Amino acid sequence: QVQLVESGGGLVQAGGSLRLSCAASARAFSHRDMGWFRQAPGKERESVAAIRWSGLPTYYADSVKGRFTISRDNAKNTVYLQMNSLKPEDTAVYYCAAYLGPWSGSSTSPGYWGQGTQVTVSS
């Protein structure tokens with residue numbers, strides 16, 4: 001089984017916080033680098049953050065640095081995205097992803113995707 005299920009999205013006011021969770025199957029999660037992507041209306045999907053199996057956060061998009069934190073709990077097969085100081089520009093569908101091989105840059109293509117969770121930030 002390969003499964004990635006996001007949760008935690010919703011509506012929040014600007015300046016607020018949300019924590020996204022991605023519950024994964026062992027096959028999708030174990031020993032894999034993981035990432036979060038987002039896609040805003042009319043925009044291309046972009047890489048937001050990536051984290052290695054070891055727990056080392058290895059990438060943040062410039063637009064979210066200092067505000068978002070990626071983490072993982074390997075015992076729970078779960079990856080998180082803590083989002084603070086949210087802005088209306090953060091409004092997007094957020095996707096959890098798993099890389100089949102080592103993450104090697106923000107253009108690395110994931111092998112597995114979740115279905116996404118909507119985050120809406122109001123002014």
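The values are calculated or read from the model by the stated rules, or taken from the named source; none is laboratory data. These figures come from a predicted structure and were not determined experimentally. Ideal geometry is used to build each Cβ from the backbone, glycine not excepted, and the neighbour counts take in all protein chains shown. Side chains are part of the model used for accessible areas, which takes the heavy atoms of the whole protein and leaves out ligands, DNA and RNA. Shrake-Rupley method; radii C 1.70, N 1.55, O 1.52, S 1.80 Å.
Is it the case, given these coordinates, that Ala26 is at pLDDT 95 or above and either out of contact with any His (no Cβ under 6 Å at 6 or more places or on another chain) or crowded, with 22+ Cβ neighbours inside 10 Å (or both)? Criteria not met by Ala26.
Restricted to the range 79-123, and to residues there that are open to solvent by less than 20 Å² (accessible area, probe 1.4 Å) and small (Gly, Ala, Ser), the residue that is modelled with the lowest pLDDT is Gly105. Here is the figure for the range 47-78: residues that are hydroxyl-bearing (Ser, Thr, Tyr), under 14 Å from Ser21 (Cα atoms) and open to solvent by less than 30 Å² (accessible area, probe 1.4 Å) total 1. The number of residues in the range 1-41 being within 15 Å of Asn74 (Cβ to Cβ) and in contact with a Pro (Cβ under 8 Å, 6 or more places away or on another chain) comes to 1.
Exactly one residue out of Leu11, Leu20 is loosely packed, with under 13 Cβ neighbours inside 10 Å and not in a loop (DSSP other than H, G, I, E, B): that is Leu11. His31 satisfies every condition listed in (1) under 17 Å from Ser109 (Cα atoms); (2) open to solvent by less than 50 Å² (accessible area, probe 1.4 Å) except (2).
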